[in-house]
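Colleague: I have a structure here, written as structure tokens, and I will follow up with some questions on it.
The values are calculated or read from the model by the stated rules, or taken from the named source; none is laboratory data. Small disclaimer: the values here were computed from a predicted structure and weren't measured. Cβ: placed from backbone, ideal geometry, glycine included. Neighbour counts: every protein chain shown. The accessibility values were calculated without ligands, DNA or RNA, using every heavy atom of the protein model including side chains. Shrake-Rupley method; radii C 1.70, N 1.55, O 1.52, S 1.80 Å.
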Amino acid sequence: MDKLSPLDAVFIDAEDEDQHTSMAIASIAVFEGPPPTHDEFLAYLAGRLPLVPRYRQKLRTVPFRLGPPVWADDPHFDLGYHVRRVALPAPGGDQQLAELMARVMSQRLDRERPLWEYWVIEGLAQGRWALISKVHHCMVDGVSGTDLYRVIFDFSPEPALPAPDDRTVAAEPSPFELAAQAALRNVALPARDALALTSAALKPGTAIHQATDTVRAVAKLTPGLRSPQESSLSGPIGQGRRYTWARASLADVKTIKRELGGTVNDVVLAAISGGFRELLLARGEQPGPHMVRSLVPVSVRAPGEESIYDNRVSAVLADLPVHIADPAERLAAVRAELEALKASKEAMVGEALASLGRYSLYPVASWWTRLAFRLPQREIVTVTTNVPGPGQPLYGMGR
């Protein structure tokens, strides 16, 4: 029985009761045809489940929120419930696939079951099929979510043998057991605080340096919490979702990066800024320098930690330069903005704030999180994330 980390628990507490906020993340994998049969796919996936233990565990909530939710084996796990199958209407193009994805993402995952779904999609144009992978954000972040493809799928057309399954299903903990364990952890919290203070006392130079960096970063972050300029991009969030995509060549992105400087992430942010600019102009609005503030997640995973399935992410707040018409100048502005944020160590502050729960009573941290996500929010207009996909071709059941 594993308890959620403070950051993982945030993604549970952030979901509101009126269904407007859904903390699932998803992606679409498109395969060459023909699609597998339903039984074939179930058998294939059953052979991969031992590699992803979380897929057969569900959340248990601690009574009175005395502690964060815990992962417990689902004694009634039903693989068939988690694998859905649907056919797209003709002609099975981008529009039909996007509309299906929007419907899938408009619905919240069932908290009474393991928090994931796979949707096998038939009827794609050109004889193809697709798989929607939908997982709750408390289980994975973007990097580890993408890494799941490397676990579920194969590196060659020849499918791997099923993974050995020596799983023993532990008995579900009772509400009393959950409450008692959480109470013991809360009692132990002052001892952890004392250990942290002792560590700081033994390394005063490091502690002072970290504290100074945090104070400076907070001072630079605070002015950014002012609400951005009003625009049609701001407004209340409903339950419905829309989904679309645009295609671009990674080689072109790297060419721009090589010629004009910066990173792939910088080029992506500059291109997205251009898209927001065109949208605002099409709506008859004049783009301003502080009109589109974006939350930009920053991975804090160490190399080799991609297959650790939890959240290891911080974030910065960046004003997208939608007011700049020239694409090269817009890229330069993005670079300057992100370099300034990195210099201020704002990402470090985001990581520190997310981990404060380690030294805070969970009932208090949970209450603050739920309150923060239910108050009107005007500081962040959009979220912009850049997650690399698989680095080599992958195969599903030989496809």
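Colleague: With the cut-off at 29 Å, tell me which of the pairs 134/342; 257/342; 58/342 have Cα atoms farther apart than that.
Modeller: Result: 134/342; 58/342 exceed 29 Å.
Colleague: In nm, to one decimal, how far is the residue 378 label point from the residue 90 one, both placed 7 Å along Cα→Cβ?
Modeller: Result: 5.2 nm between the two label points.
Colleague: Tell me the label-point distance for the pair residue 2, residue 286, using the 7 Å Cα-to-Cβ offset, in nm and rounded to one decimal.
Modeller: Going by the 7 Å Cα→Cβ label model, 5.4 nm.
Colleague: Among 169, 104, 298, what's the order by accessible area (1.4 angstrom probe), most exposed first?
Modeller: Working: 169 75, 104 5, 298 50 Å².
Putting 169, 104, 298 in descending order of accessible area: 169, 298, 104.
Colleague: Modelled label-to-label distance, residue 32 and residue 158, 7 Å Cα→beta-carbon offset: nm?
Modeller: Simple spin-label model gives 1.8 nm for this pair.
Colleague: Sum up the charges of everything whose Cβ sits under 15 Å from the Cβ of residue 156, counting Lys and Arg as +1 and Asp and Glu as -1, but leave residue 156 out. If you can, show how the numbers build up before the last one.
Modeller: On the way: positive: 150, 399; negative: 32, 154, 158.
Cβ neighbours under 15 Å give a net charge of -1.
Colleague: Shifting gears a bit: Run the 1.4 Å probe and let me know the accessible area of residue 339, rounded to the nearest 10 Å².
Modeller: 100
Colleague: Enter the accessible area of residue 38 (Å², nearest 10), with the probe set to 1.4 Å and all protein chains included.
Modeller: So the heavy atoms of residue 38 present about 60 Å² to solvent.
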